[in-house]
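The values are calculated or read from the model by the stated rules, or taken from the named source; none is laboratory data. Just so we're clear, the structure is a prediction, and the values are computed from it rather than from any experiment. Cβ atoms come from the backbone with ideal geometry, glycine included; neighbour counts cover every protein chain shown. What goes into the accessible areas is simple: the full protein's heavy atoms, side chains included, and nothing from ligands, DNA or RNA. Shrake-Rupley method; radii C 1.70, N 1.55, O 1.52, S 1.80 Å.
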Amino acid sequence: MRYKIIGIVLLTAGMTQAAAAQRLLSLDSCRAMALRNNKQMSVSKVKQEIAANLRKSARTKYLPHISALGGYEWTSREISLLSDEQKETLSHLGTGVSTNIGNQLNQTMAQMPQGVWSVLGALGITPESLQQQFTPALNNLAGLGNGIGQKVVDAFHTDTRNMFAGSVMLTQPVFMGGAIIAMNKLADINEEMMANSAETRRQQTLYNIDQAYWQVVSLRHKQKLAQAYYDLVQKLDGDVQKMIREGVATRSEGLSVSVKVNEAEMALTKVNDGLVLSKMLLCQLCGLPLREQVTLADEESDELAIGGQKAQVDMEAVMARRPELKQLQNMVDMSRQLTNILKAGNLPQVLLTGGYVVTNPNLFNSFQRKFGGMWNIGVLVRIPIWNWGDVAYKVRASKGATTIANLEMEEVREKIELQVSQSAFQVDEANKKLAMAKASTAKADENLRTANLGFREGVISSTTVMEAQTAWLQAQSQKIDAEIDVKLSQVNLQKALGVLQ
């Protein structure tokens, strides 16, 4: 008794471990993982962040900008406020003055009457003695004058071979022809377009995951169907082999049944391989390891789809929801704003400026070797006068691009309307096919039951039974396809309506 209990416990633990190794996934969980792990969805989020930062950058164009500028320059020659002749004259200022005075004294003495010199001679004053007395004074005057002149030359020395300069500038746009407003609207539209692009990517991701999910479910049901068919023909093969041994069936009938067994085995192998590959695709879309063992919640469902009512379509609401159409509208709006930016090139531009400028040598205090500066404020106006029609041509080209965008948007609207109509028609058609497939399945089940009963009674040949089995396989396969078509047509319609959630 104790060993039986231990065996039951070990068996239960083994079954629990096997169940835990299989990850059970529903359609909603597959969608959530796909949205979370899809690389393109991550790219869309990054693009939205980029668009948001560009919008914030565009807002700063309304605000004043402050910049600083500094520099140093060495030159081989300095700036001179005096010419070389003026420097030479000032450096010999005293010599020139004393020479002129001496010349004037000599000229005066030469012009004096002889009687004056006779009187002065009686007093002991001669031209030679006067010249000897004035010469030291003139020499002193020359030295003093030369010194004063040199000081003037030195005072005008600028020492500008090493120059430093710097400034802080504030610029405030006042009117830029509407370019800044257009740029901000352009940034807003770009951010909205990135959001619409992300929504388009999200719906495409959901569409892809739904396609892969129902493909796996379809193959799983076809796998069970192929296994059931294989069991049927294998049982028939066993019965025919017994009949051959009893002599009530021919070897030709046995070979025909054996061929069906081989075909059923090949079909089962094919669907098994297809199921493995489909699950790998589903895992890749969900962000799971490709070899992850997963089980879908709808794999064991007997009824995959229930026929619904005819879809009601509000085309205006559809157009308002479709993210692709919103993206095209964004492109039209962006083209218009680009046209406004180009138009601003023909309009005046006004800016306020202000700042502080500093230099060394000090330009405001006789080139003193100290930093000195000044405040400044001003208005800058730029008025385009003539550019040979460059801006006008660009504006015309931009308007042409806007026209193209409008035409493309209208074309897409027509295609969306056609797509919605086709999707709604496909839903109705899939529901009708499902109803017919269910009816065919019921008839095929009854036909197979009757054939098996007749074969056991010996009134129906194995060929008839194989035909009934083939008809049953086709009916069941068509029913599975019809159920999956209903699901996929509903997904197509939701995507066409822009309501795929």
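Checking each residue in the range 204-237 for being among the polar types (S, T, N, Q) and surrounded by fewer than 20 Cβ atoms within 10 Å (Cβ to Cβ) picks out 204, 208, 211, 215, 223, 227, 234. Filtered by the rule that a residue be over 30 Å from residue 344 (Cβ atoms) and among the small types (Gly, Ala, Ser), the range 366-417 gives 366, 372, 373. Residues that are touching a Ser or Thr at 6+ places or on another chain (Cβ under 6 Å) and either of a type in the set (Val, Ile, Thr) or open to solvent by 20 Å² or more (accessible area, probe 1.4 Å) (or both) within the range 424-438 comprise 426, 427, listed in sequence order. From the list 258, 218, 252, the one residue that fits, being closer than 29 Å to residue 200 by Cβ and small (Gly, Ala, Ser), is 218.
In the set 201, 220, which member is within 30 Å of residue 333 (Cα to Cα), in contact (Cβ under 8 Å) with a residue 60 or more places away in the chain and assigned to a helix (DSSP H, G or I)?
Unique residue meeting the criteria: 201.
Filtering the range 380-391 for residues that are in a helix (DSSP H, G or I) and either touching a helix residue (DSSP H, G or I) at 6+ places or on another chain (Cβ under 7 Å) or closer than 30 Å to residue 234 by Cα (or both) leaves a non-empty set. Is one or more of the residues making up the range 284-291 open to solvent by 50 Å² or more (accessible area, probe 1.4 Å), modelled with pLDDT of 90 or more, among the polar types (S, T, N, Q) and over 15 Å from residue 222 (Cα atoms)? Yes, the range 284-291 has at least one match. Residues in the range 280-298 that are over 12 Å from residue 33 (Cβ atoms) and touching an Asp or Glu at 6+ places or on another chain (Cβ under 8 Å): none. Just give me the residues in the range 439-449 being closer than 24 Å to residue 488 by Cβ, among the aliphatic types (A, V, I, L, M) and either open to solvent by less than 30 Å² (accessible area, probe 1.4 Å) or touching an Asp or Glu at 6+ places or on another chain (Cβ under 8 Å) (or both), in sequence order. The answer is 444, and nothing else. In the range 450-495, the residue that is nearest to residue 304 (Cα to Cα) out of those that are open to solvent by 30 Å² or more (accessible area, probe 1.4 Å) and of a type in the set (A, V, I, L, M) is 488.
Note on the range 255-283: among residues that are of a type outside the set (D, E, K, R) and touching a strand residue (DSSP E or B) at 6+ places or on another chain (Cβ under 9 Å), the one that is surrounded by the fewest Cβ atoms within 10 Å (Cβ to Cβ) is 283.
Residues that are more than 30 Å from residue 402 (Cβ to Cβ) and surrounded by fewer than 15 Cβ atoms within 10 Å (Cβ to Cβ) within the range 333-360 comprise 352, 353, 356, listed in sequence order. Scanning the range 361-370 turns up one or more residues that are surrounded by fewer than 16 Cβ atoms within 10 Å (Cβ to Cβ), assigned to a loop (DSSP other than H, G, I, E, B) and of a type in the set (Lys, Arg). Answer yes if at least one residue in the range 411-423 is modelled with pLDDT under 90, open to solvent by less than 30 Å² (accessible area, probe 1.4 Å), assigned to a helix (DSSP H, G or I) and of a type in the set (Ser, Thr, Tyr), and no otherwise. Within the range 411-423, not a single residue is modelled with pLDDT under 90, open to solvent by less than 30 Å² (accessible area, probe 1.4 Å), assigned to a helix (DSSP H, G or I) and of a type in the set (Ser, Thr, Tyr). Within the range 28-61, the set of residues being over 24 Å from the mean Cα position of the chain (by Cα) and among the hydroxyl-bearing types (Ser, Thr, Tyr) comprises 29 only.
For the structure I just gave you, tell me whether residue 379 is open to solvent by less than 90 Å² (accessible area, probe 1.4 Å) and either β-branched (Val, Ile, Thr) or over 44 Å from the mean Cα position of the chain (by Cα) (or both).
no
On the given criteria, is residue 32 open to solvent by less than 90 Å² (accessible area, probe 1.4 Å) and without any contact (Cβ under 8 Å) to a residue 12 or more places away in the chain? Taking the combined requirement at face value, the residue satisfies it.
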